[in-house]
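Below is one structure, written out as structure tokens, with a few remarks after it.
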Amino acid sequence: MNKENTETMIEVCNECGKSVALGSGLFVNRIVDFNDLEERKAMGKPFYIGDYICCECDLSLQGKNINEYSND
Ligand SMILES: [Zn+2]
């Protein structure tokens, strides 16, 4: 019995709601979001059920942070 295998990962980007499952095109560069569901909800993620962030959203999140930083 492997306990870890019973945990189901929701293969959806929690920022844009796109599928990051195998064959979706976003599978390769997907990033696991280590925040749990409650934390993601508290952060205001629009698709907080997703256990992943796709590379597109990861880039735009980084872009946002850089903009906010350099806007000052
Ligand atoms: Zn996304």
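Picking from residues in the stretch 11-64 that are surrounded by fewer than 13 Cβ atoms within 10 Å (Cβ to Cβ) and of a type in the set (D, E), the one that is farthest from the ligand (Cβ to nearest atom) is E38. Scanning the stretch 21-62 for residues that are part of a loop (DSSP other than H, G, I, E, B), aliphatic (A, V, I, L, M) and out of contact with any helix residue (DSSP H, G or I) (no Cβ under 9 Å at 6 or more places or on another chain) gives A21, L22, M43.
A short reminder: the numbers here are calculations on the coordinates, not readings from a lab. Keep in mind that what you see is a predicted model, and the values were worked out from it rather than measured. For neighbour counting, all protein chains shown are included, and Cβ atoms are generated from backbone atoms with ideal geometry for every residue, glycine included.
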